[in-house]
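Taking it in order: structure first as structure tokens, then the write-up.
The values are calculated or read from the model by the stated rules, or taken from the named source; none is laboratory data. Remember, predicted model here, so these are calculated numbers, not experimental data. Positions of Cβ are generated from backbone atoms using ideal geometry, with glycine treated the same way; all protein chains shown enter the neighbour counts. Heavy atoms of the whole protein, side chains included, go into the accessibility calculation; ligands, DNA and RNA do not. Shrake-Rupley method; radii C 1.70, N 1.55, O 1.52, S 1.80 Å.
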Amino acid sequence: RGKKMLDLFGRTAIITGAGSGIGAAVSEKLFERNCNIVMIAKSQKNVQKVAEKLVETKQASHQGTVEYYACDVRKEKELATIKDRVLMKDGKIDILVTCAAAPAASGKAEEITYEDWKSVMQTDLDGAFLSCKIFGTSMISKGYGRIVNLTSFHTIATYPERVVYNVAKSGVEGLTRALAVEWGKYGITINAVAPGPIITPRTSWFLSQSPDIGKGMLSRTPNRRLGEAEDVAELIAFLVSEEAKHINGQQIVIDGGWTKSAWWGSYCE
């Protein structure tokens, strides 16, 4: 079987937050690359729907498999159980993509409750750490792995009233950097992808609040469009491939140039 560029045949990938948005898009993209897909999401209904769609659209040329689990990434024992089941079935875990995220806790810093703070931190930051720790141990023992953590352009340039999300994703960037230094010797690369304004269910809700929001985003985006979840999935598919074997410890922003633009008018429209 001839090797195709970015072909992931024989690889097994864990994707958290796979029930919607970018996590679902990543699952679809890696499946297209002939990867064995293990999708994790908090909602059984959502992740099952995505899995069934992948199976329905599977082409004869697809070599990968699809399975899914409903799991809260804050629960270490649940993640460990999934790891054991995957290892029993596939014998290894090659790829981890952490996309799980809590509903955003926006608002003034002085008005955010500690419960809101903990909810975001436990899912976005703790969940990323636990996923890396649990699934990464099997990569260490095999001497190979590709991990991609989802961060955000908010680690580079942020909005008012986004303090909790900003801190959580900045923590994930730090986690990525630290693990890259610590685990590189095991043949594991760990990178972060920081999406800018991307059309997802969360962003769509934000845009629906006012026509001026979308107009403002486009006015400072050199590419003259908002990103799609597939754009992010394509980047992640590259980072987990053999072609990216010497990329490690990086945070790559994918935003159509948004964070590089300081323009406030209509030049980019």
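Within the set of other residues whose C-beta is less than 12 Å from the C-beta of K108, count the net charge using Lys and Arg as +1 and Asp and Glu as -1.
Numbers: positive: R162; negative: E110, E111, D116, E161.
Here the count lands on -3.
Each residue of region 154-165 in order: what ³J(HN,Hα) in whole Hz does its phi give by Karplus 6.51 cos²θ - 1.76 cosθ + 1.60, θ = phi - 60°, with x for Gly and Pro?
5, 6, 10, 9, 10, 9, x, 6, 10, 4, 5, 4
Give me the angle, in degrees from 0 to 90, between the Cα long axis of helix 76-90 and the longest principal axis of the Cα atoms of the chain, rounded to the nearest 10.
Compared with the principal axis, the helix lies near 50 degrees.
Dipole of region 130-268 (Lys/Arg Cβ +1, Asp/Glu Cβ -1, origin at the Cα centre): which of L239, Y186, W263 lies farthest to the positive side?
Farthest along the dipole direction, towards plus: Y186.
Using just the helices of the chain, give the 222 nm mean residue ellipticity in deg cm²/dmol: DSSP H runs with n ≥ 4 each add -39,500 (n - 2.57), and the total is spread over all residues, rounded to 500. Walk me through the numbers before you get to the answer.
On the way: 9 runs with 112 residues, N = 269.
Rounded to the nearest 500, the figure is -13000 deg cm²/dmol.
What percent do you get for the relative contact order of region 81-237 when only Cα pairs under 8 Å and 6+ apart count? If you can, show how the numbers build up before the last one.
Details: 194 pairs, mean separation 35.3, N = 157.
The value is 22 percent.
Residue by residue through region 41-58, which ³J(HN,Hα) values in whole Hz follow from phi under the Karplus form 6.51 cos²θ - 1.76 cosθ + 1.60 (θ = phi - 60°), with glycine and proline marked x?
Running phi through 6.51 cos²θ - 1.76 cosθ + 1.60 with θ = phi - 60° gives 8, 5, 8, 4, 4, 5, 5, 5, 4, 5, 4, 5, 5, 4, 5, 5, 9, 4 Hz.
Measure out, as a whole number of angstrom, how far apart the alpha-carbon centroids of region 236-262 and region 213-230 sit.
18 Å
Which far-off residues, 5 or more places away or on another chain, put their amide H under 5 Å from the one on A192, with H placed in the peptide plane?
Distant-sequence amide H within range of A192: N149, Q250, Q251, I252.
Carbon and sulfur together cover what percent of the accessible area of the chain at a 1.4 Å probe radius? Walk me through the numbers on the way to the answer.
Values: 7000 of 13110 Å².
Percent of accessible area from carbon and sulfur atoms in the chain: 53.
Give or take rounding to whole Å, what are the principal axis extents of the alpha carbon atoms in the chain, in descending order?
Largest to smallest, the principal-axis extents are 53, 41, 38 Å.
Can you tally the net charge around K142? Count Lys and Arg as +1, Asp and Glu as -1, for every other residue whose Cβ sits under 14 Å from the Cβ of K142. Write down the numbers at each step before the final one.
Values: positive: R11, K83, K92, R146, K185; negative: D90, D94.
Its environment carries a net charge of +3.
Run the numbers on the chain and let me know its relative contact order in percent, using alpha-carbon pairs under 8 Å that are six or more apart. Write down the numbers at each step before the final one.
On the way: 527 pairs, mean separation 49.7, N = 269.
It rounds to 18 percent for the chain.
Report, ordered by chain and residue number, the lysines lying within cross-link reach of K142, taken as a straight Cα distance under 27 Å and ignoring same-chain residues fewer than 8 apart.
Here the lysines satisfying the reach criterion relative to K142 are K3, K4, K29, K75, K77, K83, K89, K92, K133, K185, K245.
Check Q63: other-chain or 5+ apart residues with amide H under 5 Å from its amide H, H built from backbone geometry?
Hits under the 5 Å cutoff: N34.
What is region 132-189's relative contact order, in percent, from Cα pairs under 8 angstrom and six or more apart in sequence? Please list the in-between numbers first.
On the way: 42 pairs, mean separation 28.1, N = 58.
49 percent.
Return one number: the angle in degrees, 0 to 90 and rounded to the nearest 10, between the long axis of the Cα atoms of helix 21-32 and the longest principal axis of the Cα atoms of the chain.
On a 0 to 90 degree scale, this one is about 40.
For the chain, what is the accessible area per residue in Å² when the probe is 1.4 Å?
Ligands and nucleic acids excluded, the figure is 49 Å² per residue.
Given H placed 1.01 Å from N in the peptide plane, which residues other than close sequence neighbours of Y68 have an amide H under 5 Å from its amide H?
Amide H to amide H, under 5 Å and 5 or more residues apart or across chains, Y68 pairs with M39.
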